[in-house]
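The values are calculated or read from the model by the stated rules, or taken from the named source; none is laboratory data. Being a predicted model, the structure only gives us computed values, none of them experimental. With ideal geometry, Cβ positions are generated from the backbone for all residues, glycine too; neighbour counts draw on all protein chains shown.
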Amino acid sequence: MAKCLVFVIGFLGLCWQVGCGQHKYDNYTLLRIIPNHDQHLQKLAELPLDEEISHGEVEVLKRSYGLNDSTDVLVSPNSKKLFEQFAVKNGMPVVTKHYYGRSFEALERVSRRRLREAFRVYGYNSFDAIKSYLDDLKFRKAELVRLQPLGYSYQRRAMSLVKISKDPSAGNPIIFIDAGIHAREWVAPAMAMYIIHRLVTDSGARELDGLDWYILPVVNPDGYEYTRSSRSQRLWRKTRSKTARDCYGVDGNRNYGFKWGVSGVSNNPCDKETYAGPKPFSEPETQMVRNVMMTYRDRIKLYVSLHAYGQYLVYPWGYTGGSLPTSWRKLDSLARKVSNAVQNAGGQPFKVLSAGQWYPAAGGSDDFAFGAAGIPYSYTMELTDGYEFVYPENNLATILPQLYEGFRTFAEEIKQEFGYASRSSLGSITKQAALNHKVNFVHCDLARN
Ligand code: 0X9
Ligand code: ZN
């Protein structure tokens, strides 16, 4: 009887907190605070205050990169007033989305119901569906696709690198793409899978001529499945390793061993967002990505880490906004070409800048690829804008093909700079073909002698 009473009281307590049938974020409010003055940017960079994070009352979903680019903050009913006042006091306009969590259901409940359904190219698929699709692809497209087992996630999910190549023994330059290190950014694995789909189905496409593509579509499968498990976990970001008595997860994009911990991180294992981990590469998931980079570092010429959201295309350094790599103009110019290609296909252009100029955060995969592995082009691509992390599944069929045009541009440019025609051992290539590829023949001859 006593036990029963405790249960009923406990249950009522829970109902009182979140409401029966409701979830944590249902009563939260999303505030999009828009800076229109330099002082606003300084103020916003200070958000949120420490005590608010520790109470889990406030989550900064996106930071501003400049004037008129919003800082998006998700606030609990308790802290809503404080933040509205903060914006009003500083004269910043605010766009408000009430009952934020309720929008998750309408947009995405459907996709969880489809748990056992077949893989859909324009959909948000379960990790199992992605895995089965790839296992099948390996046989259906055996002439192009190989799967290299990489190891296991913390919760023992098997992970494989998808290698797509017409000629694996040619030693071609490699484009390495990963996605989904942040669990809630569902559009990123969807994009990675779409790239795989296009590479294996576009029969006449040039993307595979003289280039190999290595793709890891879900870097953090434990976190990804966790966000699919319930509406109240939809905004989980980190991995799922146990890090303290009651706390889980490391921010994989703070866990890489280059300038680890120097900026934009939390040392608190219970921090929901940016805990850098107990040491660099503490997570099996980041170790696997590192191993791919280090194994193929001589051939990987471009690394792109897919994330969401905000429609940014950023390059090193991420750990600081105070300096840029010497080759930053090349990084910047390639990013702008990619952005133009997406825009020409009807998509949204990217905001292009260094990651650290947006906001400094160390331990990112982009900095490790560039600074430690020596990969000459390295980017973080933040997909989509306007829907935060809950990008409507129905729009995927429109935006994935537009974004793919950006990857075709990446491929063309990488081929031009590092491909067969640009190498000094020109072999049988004609002078005209070399000129077409903007190769300086004289330079190559000199290099050989
Ligand atoms: O903060 C991040 O990890 C990335 N943004 S996200 O909203 N997807 O979490 C940006 C990372 C940029 N790169 C570095 N700071 N190194
Ligand atoms: Zn991310």
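Structure summary
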| read-out | value |
| --- | --- |
| Pairs with Cβ under 9 Å, 6+ apart, first in region 245-259 and more than 20 Å from G371 (Cα to Cα) and in the same structural domain as P280 (by TED's automatic domain parsing), second within 9 Å of ligand 1 (Cβ to nearest atom) and modelled with pLDDT of 95 or more | G249/R237 |
| When residues of region 364-401 are limited to those that are buried (at least 21 other Cβ atoms within 10 Å of the Cβ) and more than 16 Å from ligand 1 (Cβ to nearest atom), the one farthest from F418 (Cα to Cα) | L396 |
| Those residues of region 296-317 which are without any contact (Cβ under 8 Å) to a residue 60 or more places away in the chain and either within 13 Å of ligand 2 (Cβ to nearest atom) or within 18 Å of G363 (Cβ to Cβ) (or both), in sequence order | W317 |
| Residue in region 394-409 that is of a type in the set (V, I, T), away from ligand 2 (no atom under 16 Å from the Cβ) and either within 16 Å of K337 (Cα to Cα) or outside the structural domain of S333 (by TED's automatic domain parsing) (or both) present | yes |
| Residue match in region 208-227 (condition: in contact with a Phe, Trp or Tyr (Cβ under 8 Å, 6 or more places away or on another chain), part of a helix (DSSP H, G or I), more than 16 Å from ligand 1 (Cβ to nearest atom) and at pLDDT below 95) | no |
| Residues that are in a loop (DSSP other than H, G, I, E, B) and away from ligand 2 (no atom under 16 Å from the Cβ), drawn from region 241-265 | S241, R245, D246, G257, F258, K259, W260, G261, V262, S263 |
| Some residue of region 266-273 being touching a strand residue (DSSP E or B) at 6+ places or on another chain (Cβ under 9 Å), within 14 Å of ligand 2 (Cβ to nearest atom) and at pLDDT 95 or above | no |
| Qualifying residue in region 317-339 (condition: farther than 14 Å from M381 by Cβ, within 12 Å of ligand 1 (Cβ to nearest atom) and either of a type in the set (D, E, K, R) or buried (at least 22 other Cβ atoms within 10 Å of the Cβ) (or both)) | yes |
| Flag if A345 is aliphatic (A, V, I, L, M) and more than 16 Å from ligand 1 (Cβ to nearest atom) | yes |
| Enumeration of residues in region 158-207 that are assigned to a loop (DSSP other than H, G, I, E, B) and either within 16 Å of ligand 2 (Cβ to nearest atom) or under 20 Å from F119 (Cα atoms) (or both) | G180, I181, H182, A183, R184, E185, W186, D202 |
| Any hit, region 396-408, residues being among the small types (G, A, S), touching a helix residue (DSSP H, G or I) at 6+ places or on another chain (Cβ under 8 Å) and over 20 Å from I195 (Cβ atoms) | no |
